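Okay, so here's the structure we're looking at.
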Number of protein chains: 2
Amino acid sequence: MGRRSAEVASRAPVNRARALEVALVVADSEGIEAVTMRRLARELGVEAASLYHHVRGKGEILDGLVDVVAAEIEVPAPGGDWRDMIGRRAQNTRAVLLKHPWAVSLMASRTTPGPATLSLLEAGIRAFREGGFSVLLAAHAVSAVDSYVHGFVLQEVNLPFRDESELAAMTGAIMEQFPAADYPYLFELTIEHVLQPGYAYGNEFDSGLAIVLDGITASLTQ
Amino acid sequence: MGRRSAEVASRAPVNRARALEVALVVADSEGIEAVTMRRLARELGVEAASLYHHVRGKGEILDGLVDVVAAEIEVPAPGGDWRDMIGRRAQNTRAVLLKHPWAVSLMASRTTPGPATLSLLEAGIRAFREGGFSVLLAAHAVSAVDSYVHGFVLQEVNLPFRDESELAAMTGAIMEQFPAADYPYLFELTIEHVLQPGYAYGNEFDSGLAIVLDGITASLTQ
DNA sequence: AAACCGTCCCTAACACTGTTAGATTGTGTT
DNA sequence: AACACAATCTAACAGTGTTAGGGACGGTTT
């Protein structure tokens with residue numbers, strides 16, 4: 001009865017893949033800060049130092065986690081409208097990153113890309129190139145859309161509230177602490193938009209994505 | 001000559017402001033991971049536990065750092081073209097965040113905004129509202145542009161190279177490790193764009209910003 | 001069969017981290 | 001001179017990643 005959260009059979013031999021498997025479960029259920037060498041080892045029925053026979057260090061675990069998440073992102077098959085393909089790629093990316101909220105910051109901070117990360121990038125560039133974009137324009141476009149997606153999700157996963165009541169409490173606390181007169185437009189937007197029933201920050205994703213895609217279209221015809 | 005990097009006079013009394021001052025210097029010169037309670041205390045000529053008489057915990061230091069950086073971002077004065085104002089705001093944001101590379105992730109992960117953070121947001125919304133945007137469109141637009149800027153800089157500050165030769169070494173290492181045939185378009189883009197003399201990823205910022213601003217313009221007239 | 005070798009795992013330790021409890025100092029006021 | 005109070009101290013706790021060195025086990029070679 002000791003172990004409660006990540007139930008992983010500790011029979012199979014310890015190796016890099018099993019360590020990553022366990023790390024993913026722990027990160028998803030308790031956050032990335034719970035992924036420690038001692039914790040992974042305990043989950044694998046082993047001592048911390050033993051992990052260093054399968055992995056160069058904790059960095060390799062983090063790199064591996066990033067690529068596992070990247071592999072989970074479905075890339076649209078070639079052949080089709082670039083706008084549709086890039087749009088779906090963006091939606092899929094957001095969906096997967098929301099399932100692993102710790103992954104966004106990690107993807108940015110880790111700098112050794114794995115095969116899945118490269119494939120995701122390849123699919124983005126391909127969609128633009130086969131859609132008639134020059135190499136230069138494709139580079140600009142994929143950078144713009146990926147920056148937008150990562151930036152949006154980065155904010156989204158760090159929001160300090162999860163439902164409307166928590167949001168109301170949050171905005172209330174902020175507006176109490178600071179004079180509302182200093183931020184008239186922010187105040188207006190909060191009252192008339194944010195605090196309206198049915199609001200969720202995640203809804204802004206689609207409009208922002210449309211903005212970026214429209215901008216990319218405009219960059220084509222000029 | 002024990003102390004070498006952050007030379008801060010340790011005469012003045014210890015308080016929250018001085019702690020933040022020291023924290024900023026340490027973070028800029030040695031990275032955010034060097035900002036530890038013991039390090040700040042040492043720099044202030046004091047023991048770590050003493051800091052807790054001036055600050056609730058390390059979180060308050062990090063929150064303070066975020067707002068110090070936000071305060072450094074120059075917001076354009078009211079009255080002018082929205083595209084120009086938002087563009088300058090984006091450029092200024094990027095410039096300041098590049099001076100404090102640790103700040104991007106921190107701004108996203110900390111969830112207690114300070115006055116400077118709110119002012120920056122206020123200025124963005126104001127530019128759109130006074131440019132004729134509805135509350136809804138202004139919300140969409142400011143979310144889109146801020147997501148783009150943060151996402152771009154997040155990638156930019158985490159690039160594992162600083163000059164063209166390091167970039168060449170990096171791409172070379174990646175292309176050795178993985179079969180280039182698996183990523184034909186990425187390969188093409190690398191050869192024809194990334195490895196061209198004068199390339200720097202930061203140059204993509206302007207084109208992406210133009211894309212977002214064009215997209216916002218398009219969202220107005222539809 | 002006996003010796004060897006490499007893989008895997010262990011214990012122990014090092015130098016760190018944020019944070020708290022409780023004692024001690026120093027300064028200013030009564 | 002006595003008190004009060006804020007600021008600082010020492011010591012400790014439960015963690016972190018990582019390395020060194022030793023022991024057990026299996027398979028392969030002599």
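Quick note: the coordinates plus some simple rules give every number you see, no bench work behind them. A quick note: this is a predicted structure, and the numbers were derived from the prediction, not measured. For neighbour counting, all protein chains shown are included, and Cβ atoms are generated from backbone atoms with ideal geometry for every residue, glycine included.
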In the range A:123-222, the chymotrypsin sites (Phe, Trp or Tyr not before Pro) that sit in a DSSP loop and have at most 16 other Cβ atoms within 10 Å of their own Cβ are A:F161, A:Y199
Under the 7 Å Cα-to-Cβ spin-label approximation, A:E74 and A:M170 lie apart by a distance in nanometres of 2.9 nm
Between the residues B:A139, B:V55, B:G124, the Cα farthest towards the positive end of the dipole of chain B, that dipole coming from +1 and -1 charges on the beta-carbon of Lys, Arg, Asp and Glu, is from B:V55
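Which helices count as membrane-span-like in chain A under these terms: full DSSP H, at least 27 Å along the axis by C-alpha, Kyte-Doolittle mean of -0.5 or more?
Details: long enough: A:135-157 (33 Å, 1.15).
TM-like helix candidates: A:135-157.
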The answer for the longest stretch of chain A without any exposed GluC sites (Glu not before Pro) (DSSP loop, at most 12 further Cβ atoms within 10 Å) is A:48-222
Checking B:A90, B:A210, B:A116 against a Gaussian network model of chain B (alpha-carbon springs below 10 Å), the top fluctuating residue turns out to be B:A210
Residues A:V26, B:V149 in order from fewest to most other beta-carbon atoms within 10 Å are A:V26, B:V149
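What is chain A's relative contact order, in percent, from Cα pairs under 8 angstrom and six or more apart in sequence? Intermediate results must be reported in sequence, preceding the final value.
Values: 175 pairs, mean separation 37.0, N = 222.
Dividing the mean separation by the residue count of chain A yields 17 percent.
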at A:V46 the sorted inter-copy label distances (label 7 Å from Cα on Cβ side), in nanometres, are 4.6
Simple SL model, points at 7 angstrom along Cα→Cβ for A:N158 and A:L98; separation in nm is 1.9 nm
Taking alpha-carbon centroids only, the range B:70-115 lies from the range A:187-213 a number of Å equal to 20 Å
Contact order relative to length for the range A:125-205, counting C-alpha pairs under 8 Å separated by 6 or more residues, stands in percent at 27 percent
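With a 10 Å Cβ neighbour count serving as the proxy for reagent exposure, in which order, fewest first, do A:R110, B:R89, A:R162 appear? Let's see the in-between values first.
Numbers: A:R110 19, B:R89 22, A:R162 9.
Least to most surrounded, the residues fall as A:R162, A:R110, B:R89.
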Most exposed first, judged by fewest Cβ atoms within 10 angstrom, A:R56, B:R94 run A:R56, B:R94
With a ≥ b ≥ c from the Cα gyration tensor eigenvalues, square-rooted, and the rule rounded for a/c under 1.5, otherwise prolate when a/b > b/c and oblate otherwise, chain A is oblate
